[in-house]
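Worksheet: the structure to be examined is printed underneath.
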Amino acid sequence: MNTAVANTLAAGTAVERSEGVWAAAWRRFKSDRVGMASALVVLAFLVLIILSASGLVAKHWQQEVGVANAPPTFLGPRPPEAIGAIEVPKGPNVDLSAIDPLAPKYKEWEERAAQFKTTETVKAETLPLGGDRLGRDVLDKAIKGTEISVFVGIFAAVIATVIGTLLGAFAGFFGGKIGDFIEWVYNVFEAIPGILLIFAFAAIFPRGIVAVALILAFTGWTGLYRQVRAEFMKHGGREYVRSAEAIGASPWSRMFKHILPNISHVILVRMSLLVVGFIKSEVILSYLGLGVGVEDVSWGTMLAEAQSELILGYWWQLGAATLFMAVFVTAFSLLADAVRDALDPKLRGLD
């Protein structure tokens, strides 16, 4: 009888395993509609960046495909008077030399030019999102600018996050002389005004996309470091970390397998803020001539060029750069908030 009961219990009872941290986070994230929509928008931007980097789109952004300051297609072509065209009177008794002293030479020049075979490039009077002062397609520039600006923002934020997280983890977990030394390095960086520190690194590094990202990363890790250090100091004395220490877990295991997953939501939120901040910093550096080179284009260079165009009423380059930047920054911020909520340990008990 006892044997039959035991066999029945063994066959009918399944071993229940607790859901992992990342599996639970993914389940909560999928239930967040705003987070999923934001993820799709960010993914679309990343696909656009890959296509731009591979040359499949916006390959000819430097070519003058339209007339100068060509308006967007939905506005239609500009009337002749809007571009300063002069209507030349016609008639048998009109003396063109009174209007243009070179008029008698035109026929002779046309006959000479006809002797040479030339190919005239027809430039578009309108472009999808308009053209700049050289006739380059603003849409292609915005796509290419997305590639550079987003790369600078994300690459710099990742490097700054790695630096700040590692230094904060060591300083908060070990303390002692290691923590004092890292605190001294932090205070040195904090003692120098940020803009001066950026200028100092800009004078050392050669101009370029990677150089801009490194400059921003080396000057932007301090805020994350302080937050991670405080979190490691707080979690280092909690029961689950002491229990891991009691069963023989190494310091590395306690730092990166136990504490780090529980503060990952803090790091991700801070990283999202760094991405947004670094994109804005790239705009400032490019405006001051310390950002990307003249052979490249970014949202910062587009906004700098749009200043002179805006005075003349040509607003479409400013609008395109602002639209692309606003959509990406908003979607990325909402995505970071959704990921933070999914990873927040305080919300796990609400499932």
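The values are calculated or read from the model by the stated rules, or taken from the named source; none is laboratory data. No experiment lies behind these values; they were computed from the predicted model shown. Using ideal geometry, Cβ is built from the backbone for each residue, glycine included, and neighbour counts are taken over all protein chains shown.
Would you check which residues across the stretch 267-293 are free of Cβ contacts under 8 Å to residues at least 60 places away in the same chain and more than 17 Å from the chain's Cα centre (by Cα) and list them?
Residues satisfying the conditions are Leu288, Gly289.
Just to be sure, is Val185 free of Cβ contacts under 8 Å to residues at least 60 places away in the same chain and surrounded by fewer than 17 Cβ atoms within 10 Å (Cβ to Cβ)?
Yes; evaluated as a whole, the condition is true for this residue.
Among the residues of the stretch 285-332, write down those that are modelled with pLDDT of 85 or more and among the acidic types (Asp, Glu).
Glu305, Glu309 - these are the residues of the stretch 285-332 that are modelled with pLDDT of 85 or more and among the acidic types (Asp, Glu).
Looking at (1) surrounded by 13 or more Cβ atoms within 10 Å (Cβ to Cβ); (2) free of Cβ contacts under 8 Å to residues at least 60 places away in the same chain, which one does Ala203 not meet, given that it meets all the others?
(1)
I need the full set of residues from the stretch 1-47 which are at pLDDT below 85, β-branched (Val, Ile, Thr) and surrounded by 12 or more Cβ atoms within 10 Å (Cβ to Cβ), in order please.
The answer is Val21, and nothing else.
Please find, among Asp296, Asp337, the residue that is over 15 Å from the mean Cα position of the chain (by Cα) and under 17 Å from Ile154 (Cα atoms). Don't jump to the end; show me each part of the working.
Numbers: Asp296 fails: under 17 Å from Ile154 (Cα atoms).
Of Asp296, Asp337, the one residue that is over 15 Å from the mean Cα position of the chain (by Cα) and under 17 Å from Ile154 (Cα atoms) is Asp337.
Scan the stretch 148-192 for residues that are of a type in the set (Gly, Ala, Ser) and within 30 Å of Trp61 (Cα to Cα) and report the count. Spell out the reasoning first.
Filtering the stretch 148-192 down to residues of a type in the set (Gly, Ala, Ser) leaves 149, 153, 156-157, 160, 164, 168-169, 171-172, 175-176, 179, 191.
Add one more test, that the residue is within 30 Å of Trp61 (Cα to Cα), and what stays is 149, 153, 156-157.
Looking only at that region, the number is 4.
Any residue at all in the stretch 337-347 that's part of a helix (DSSP H, G or I), surrounded by 15 or more Cβ atoms within 10 Å (Cβ to Cβ) and at pLDDT 85 or above?
yes
Please give the number of the condition Leu260 fails out of (1) surrounded by 17 or more Cβ atoms within 10 Å (Cβ to Cβ); (2) not in a helix (DSSP H, G or I).
Looking at each condition in turn, Leu260 falls short on (2).
Can you tell me which residue within the stretch 277-289, out of those that are surrounded by 19 or more Cβ atoms within 10 Å (Cβ to Cβ) and of a type in the set (A, V, I, L, M, F, W, C), is nearest to Gly168 (Cα to Cα)?
Per the stated criteria, the residue is Phe278.
Would you please list the contacts, defined by Cβ atoms under 6 Å and residues six or more apart or on different chains, that run from a residue in the stretch 210-222 that is in contact (Cβ under 8 Å) with a residue 40 or more places away in the chain and assigned to a helix (DSSP H, G or I) to a residue that is of a type in the set (D, E, K, R) and surrounded by fewer than 24 Cβ atoms within 10 Å (Cβ to Cβ)?
Within 6 Å, the pairs are Thr222/Glu190.
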